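J.: Handing you this structure, nothing more for now.
The values are calculated or read from the model by the stated rules, or taken from the named source; none is laboratory data. Since the model is a prediction, treat every value here as computed from it, not as a measurement. Ideal geometry is used to build each Cβ from the backbone, glycine not excepted, and the neighbour counts take in all protein chains shown. Keep in mind that these areas ignore ligands, DNA and RNA; they rest on the heavy atoms of the full protein, side chains included. Shrake-Rupley method; radii C 1.70, N 1.55, O 1.52, S 1.80 Å.
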Amino acid sequence: APALSYPIDINLPQRTLNPPPQTVEPPPPISLRIDQGGVVYWDNAPTPLGQLQQVMRQTVERDPTNQPRLEIDVNDDAQYETLAKVLAYAKNAGMDKIGFVQDAE
């Protein structure tokens, strides 16, 4: 019996004459801390929650292709609602690099 064949479209990488772009050093990470009372600190400066998304947006607009990493440190007793707002603001501002600080015990 003859073998059946099915065409499959595959996008293979193509040879390019342009060298890859030069790697740019990433900017230093930004520290965002939420204390047990719900106060948010942007690089150790208290920042009202209502202004946080604008601050994040300005940070992204400086260089959208080379964003700093946002390192979030949350107090164990902080309310989840505050963290959820911070994460939503970061997403809406277009922040791509988000990590969480883990305390060594």
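J.: Kindly provide the set of residues from the stretch 1-48 that are closer than 17 Å to PRO68 by Cβ and at pLDDT below 80, ordered by number.
T.: The answer is THR23, VAL24.
J.: Then there is this: Every residue in the stretch 59-72 that is outside any loop (DSSP other than H, G, I, E, B) and within 14 Å of the chain's Cα centre (by Cα), please.
T.: Residues satisfying the conditions are THR59, VAL60, GLU61, LEU70, GLU71, ILE72.
J.: Say we look at the stretch 48-70 and pick out the residues that are open to solvent by 20 Å² or more (accessible area, probe 1.4 Å) and among the β-branched types (Val, Ile, Thr); which of these is nearest to ALA88 (Cα to Cα)?
T.: VAL55
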